[in-house]
Amino acid sequence: MNLRIEQLKNQLKKLEDYINSKAVFQKQELLLWIATTIAFLSEVGINSEIVNGFMRTFEFKNLRCGLRGKPEIGPFVYDFDINDRESGYKLENNFFSFDTGKPSQDIYYVRVAFTAIRAKLNREQEEERLVPKFIIDCLSNNGKYGHIISSLELIEQSYSNKDTDGLVKNSITLLGSILDLDDQLKDKGSLSRKLSMLNNNKVICAKFGIEKEYIFALNNSRIVRNIKSAHKNLPLKYDMPFVITSGFAYLIVMFLEITIATGEILK
């Protein structure tokens, strides 16, 4: 996972945990949390309307009760304890729950703000993945695709760790597993022979929902497969660039995605 996104998710959790960690808050504690949260919303790039709504949620109020005023900071109401041990701003129920004993609009922008942060970070995290989560989710519904899911998870792990050898090795395994979904291809043995048959058999191509041009691209990637597998003991003085191995892996993951979307073999 991207380190920046991981840090932002941890910061989000700390903000949520803190506001739920105490029954009574002092004024400066609340103000610091509000200011920190507003700064965080701005850092993540949340819409200014949501930020402004969040700020309005915590406007100061002073409710008159007889001769004494009861100040409020948004949904937090100051409660005075004669012994001064429990004096402070209190909220009866969970802050992030709509069931707070107050009208839902009192915390509407708070919920929207934190939901928007989480959605934005999840979207950024998904965009930076090599293996889309929906592919794994789709295949998880059928237990017989466990070996394909394992390869996908190892590919993503290798991509995250910038492990070129692992990326190629697991991508080759994934390509073989995809092709082996067809019994005729499975009997062909080597990847080259399987791809050759796939290229020359329109019926099998249709099962995978793939065009011949894509098979050509997969065949052209054999230089990567050969260097990192069949000829891995060559005395190379440098590793294959990460961008090349990432492209090779992406090509195969996309092959699987196309098969899921338009093919028949995974139906």
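The values are calculated or read from the model by the stated rules, or taken from the named source; none is laboratory data. Note that this is a predicted model, so its numbers are computed, not measured. Here the Cβ is made from the backbone with ideal geometry for all residues, glycine too, and neighbour counts use every protein chain on show.
Kindly list the number of the only condition in (1) surrounded by fewer than 19 Cβ atoms within 10 Å (Cβ to Cβ); (2) among the charged types (D, E, K, R); (3) touching a Gly at 6+ places or on another chain (Cβ under 8 Å) that fails for LYS194.
Every listed condition holds for LYS194 apart from (1).
Kindly establish whether SER140 is hydroxyl-bearing (Ser, Thr, Tyr) and surrounded by 21 or more Cβ atoms within 10 Å (Cβ to Cβ). Even if it seems obvious, please write down each step before you answer.
Values: hydroxyl-bearing (Ser, Thr, Tyr): yes; surrounded by 21 or more Cβ atoms within 10 Å (Cβ to Cβ): no.
No: the conditions fail for SER140.
Those residues that are of a type in the set (Gly, Ala, Ser) and under 20 Å from the mean Cα position of the chain (by Cα), I need them from region 142-197; list them, please.
We begin by selecting, within region 142-197, every residue of a type in the set (Gly, Ala, Ser); these are 143, 146, 150-151, 158, 160, 166, 171, 176-177, 189-190, 192, 196.
Scanning region 142-197 gives SER150, SER151, SER158, SER160.
What pairs come up if the first residue lies in region 138-159 and is part of a loop (DSSP other than H, G, I, E, B), the second is at pLDDT 95 or above, and their beta carbons are under 7 Å apart, counting only those six or more places apart or on different chains?
Here the result reads SER140/ILE149, each pair linking region 138-159 to a residue that is at pLDDT 95 or above.
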